[in-house]
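Only one structure is covered here, and it is reproduced in the block below.
The values are calculated or read from the model by the stated rules, or taken from the named source; none is laboratory data. A quick note: this is a predicted structure, and the numbers were derived from the prediction, not measured. Methodologically, a virtual Cβ is constructed for each residue, glycine included, from the backbone with ideal geometry; neighbour enumeration extends over all protein chains shown. With ligands, DNA and RNA removed, areas are computed over all heavy atoms of the protein, side chains included. Shrake-Rupley method; radii C 1.70, N 1.55, O 1.52, S 1.80 Å.
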Amino acid sequence: MDKNRLLIQLQSLRQKLHEIAEARGSLTDPEVLAISEEADQLIVALQHIQRDELTDISIRRDDL
């Protein structure tokens, strides 16, 4: 997956999460929780990408 696209999706979810939580007045509203879980999945995907990028950098340094 494209890192930039994931970051844009995450930012959009964060905004949506804030708006819905504020409108519903609850962080435990089912829709708020569903959006939060979706954001969590994106965060994990981004962490995997970052880990892979760091691994690639480390491997390239070792090749020098």
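Hey, could you get me the Stokes-Einstein D for the chain, Kirkwood radius over alpha-carbon pairs, 37 °C and 0.692 mPa s, rounded to whole µm² s⁻¹?
246 µm²/s
Percent relative contact order of the chain, based on C-alpha pairs within less than 8 angstrom and at least six residues apart?
Answer for the chain is 36 percent.
Give me the accessible area per residue for the chain, probe 1.4 Å, as a whole number in Å².
Using a 1.4 Å probe on heavy atoms only, each residue of the chain averages 80 Å².
Summing -39500 (n - 2.57) over the DSSP H runs of n ≥ 4 in the chain and dividing by its residue number, what mean residue ellipticity at 222 nm do you reach, to the nearest 500 deg cm²/dmol?
For the chain, the value works out to -31500 deg cm²/dmol.
Would you mind working out the magnitude of the charge dipole of the chain relative to its Cα centre, with +1 at each Lys and Arg C-beta and -1 at each Asp and Glu C-beta, to the nearest 20 Debye?
For the chain, the charge dipole is close to 160 debye.
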